[in-house]
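The values are calculated or read from the model by the stated rules, or taken from the named source; none is laboratory data. Everything quoted here is computed from the prediction, not taken from an experiment. Note that we place each Cβ from the backbone using ideal geometry, even for glycine, and neighbour counts take in every protein chain shown. Surface accessibility is based on the protein's heavy atoms, side chains included, excluding ligands, DNA and RNA. Shrake-Rupley method; radii C 1.70, N 1.55, O 1.52, S 1.80 Å.
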Amino acid sequence: MLFQIKSRFILFSIFAFTFVATTAQSYLPPSIEWHGKSESLIANANNPWITPSEKSNFITTPDYNETMSWFKKLTAASPLLTMVSIGKSVEGRDIFMIIASTEKNISAITLKKSDKPIFLAQAGIHSGEIDGKDAGMMLLRDIAFGNKKTLLDKVNFLFIPILSVDAHERSSPYNRPNQRGPKNQGWRTNAQNLNLNRDYAKIDTKEVRAVINVINEYDPLLYMDIHVTDGADYQYDITFGGLDGLGYSKSISNWLATKYKMNADKDLTTNGHIPGPLLFAVNNRDFSQGNILLMGDQPRFSDAYGDLRHTASILVENHSLKPFRQRVLGTYVLLESTLNILATEGKSLKESTIADRAKRASKLAVKSKIPQMKAAVTFENQSSVKINGNELTPPDSLKLLGIESKIVKSTVTNSDYVEWTGKPTTMTIANFKGTEPVDFVTRPKGYFVPASCSEIIERLKLHGIQMEILKQPREVTVEMYRIQDAKFQDESGNMLPFEGHMQVTGIPVPETRKEVFPAGSAYISTDQTLGDLAMFLLEPKSADSFFSWGFFLPIFQRTEYIEAYVMEPMAKKMMEESPVLQKEFEEKKAQDKAFANDQNAILTWFYSKTKFYDDRYLLYPVGREF
């Protein structure tokens, strides 16, 4: 009987879930019918190289095996295309990359030295957001056997069709109910339940390590990461951008904001698409309250990581509520446009890149006003906004091609929710920049990382950061941090693991010390292209430092103690010999009642004043050389 009841419950649960999920598309906001010139890019049904998504009329997207089988046949048939594995996932799948080039020698060393710029594009970092894969298949087909061969005359093209290959195979029609197609969609996180686009700084995952290795080996002039949005409705179908003149690579960022975006927007518009800027609404229920530009100080994200290592990086966010067909065709146009732009403007981008990589700022901003949009927003007037208690002034306005929305009273929750009507509207809104720096770190000559931190040294190597490994012990005078007021929580105050780590914050208090770093330790000069990245990874103030991601938790552990029967008489003797210490003790008791009533806290305080106390407790082990 128990088994029967349990079975009925399972069947009912499955039925209920299936009912909601299979009708999810009918709950989406109204879709605006679309037709554009880019529809001519779709292959005829009798084309031997028609892609699986085209064959399905953009209803479905091919699975991993079908995708890679198609690419293997295409690359075997074309001398312009080569298919290589750049690594394997935890479940053993190859992460493939297609090299499209007219060069006879396509080794990384040769392409890196070529006068032709390299364009690296990746799709499927979130494998449910897979538009880039299907667009890339169509474009590479047309390069190999269509009329697009000339795209390779002045540019070399690297394309990763699926980065999160394991998550791609966790495919289901129920994965992204807020997205209009394809019918089958992959999962957001990889097989370890880690979000790859939160991993660029800490590099836990094989997938992101594979991409960073490609960036190190080939040194692409431009790197593109293709996503699909969540959230609000608007008219744009293809939104993209860098950091709009902001960030750590000012010359590159200005190039992206002017020369790149102007030409890409023109090509998309000509082909019937509606390109737009990256949109992150202050209030997803009401765009009239303003838009906030991306922050550039969190290299856990692909575009911010590229900016910090001074590589032009573009984040693409296709609009999830636009039909899959429209999004794929728009992505095709954007990829083709990028190849054309690099053919004509690659030289100017290279000059901007060289300029940014040569800079050695004396101070590096490690925190901006808004680390995350996580709190309620209150408005003082139309020209300012307060977020998390910080007031921002919009530097400019933005003409938004929006979709009308209305607030509806819920009969389920008895609360308000937003309903998008599908009716186009145009409004001018404030465009806030959440990138004003508020905390800086002075640039040291370099860092000493002790041999005991071998995992940190290896991860720094994976980033491509140059270093000297000490062959014998070296005694140096360095600045080191003692961490005070440590909290083990994320930026929202949650004491929960985030992306497989327990995050840490604290106040790093500098002190000058003479240290001996043993053989096997690493010395990392900041006078290198990736010097800024090294600072971000090694400075505790940085939200994406190895410290902040919890790689140095052992420093918070005390391993030697002293008994009360020893400390009690020692404390009395200490006060007898030092009236200054006694006065300090009395003042602390008067100011801190909890301390005054805590025997352990009092004895620990006296213990910390002795030479018996652990000198390395709370000491961040990385040394800064000046």
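Taking each pair of distinct Cα atoms in region 510-626 once, what is the resulting Kirkwood hydrodynamic radius in Å?
When all Cα pairs of region 510-626 are included, the Kirkwood radius is 17.6 Å.
Over region 255-362, what percent of the accessible surface lies on carbon and sulfur atoms, probe 1.4 Å?
55 percent
Dipole magnitude of the chain about its Cα centre, charges +1 at Lys/Arg Cβ and -1 at Asp/Glu Cβ only, in debye to the nearest 20?
I would put it at about 860 debye.
Whole-Hz ³J(HN,Hα) for each residue in region 324-329, computed from phi via Karplus 6.51 cos²θ - 1.76 cosθ + 1.60 with θ = phi - 60°, x for glycine and proline: what do you get?
For region 324-329, the Karplus curve yields 4, 4, 5, 5, 5, 5 Hz.
Pairs 133/250; 183/406; 104/206; 202/367; 116/266: which are spaced more than 20 Å apart, C-alpha to C-alpha?
133/250; 183/406; 104/206; 116/266
Over region 108-245, with the other protein chains present, what is the accessible area per residue in square angstrom, probe 1.4 angstrom?
Accessible area per residue, region 108-245: 27 Å².
Nearest 10 degrees is fine. How inclined is helix 131-145 to the longest principal axis of the chain, computing both from alpha carbons?
The helix 131-145 is inclined about 50 degrees to the chain.
Report, in degrees rounded to the nearest 10, the 0 to 90 angle that the Cα long axis of helix 64-77 makes with the longest principal axis of the chain.
60 degrees
Compute the acute angle (0 to 90°) between the alpha-carbon long axis of helix 261-270 and the principal axis of greatest extent of the alpha-carbon atoms of the chain; round to the nearest 10°.
Result, in degrees: 30.
Using only the Cα atoms of the chain, what are the Rg and Dmax in Å?
27.9, 97
Would you calculate a helix-derived [θ] at 222 nm for the chain, using -39,500 (n - 2.57) for each DSSP H run of n ≥ 4 and dividing by the full residue count, to the nearest 500?
That calculation yields -9500 deg cm²/dmol at 222 nm.
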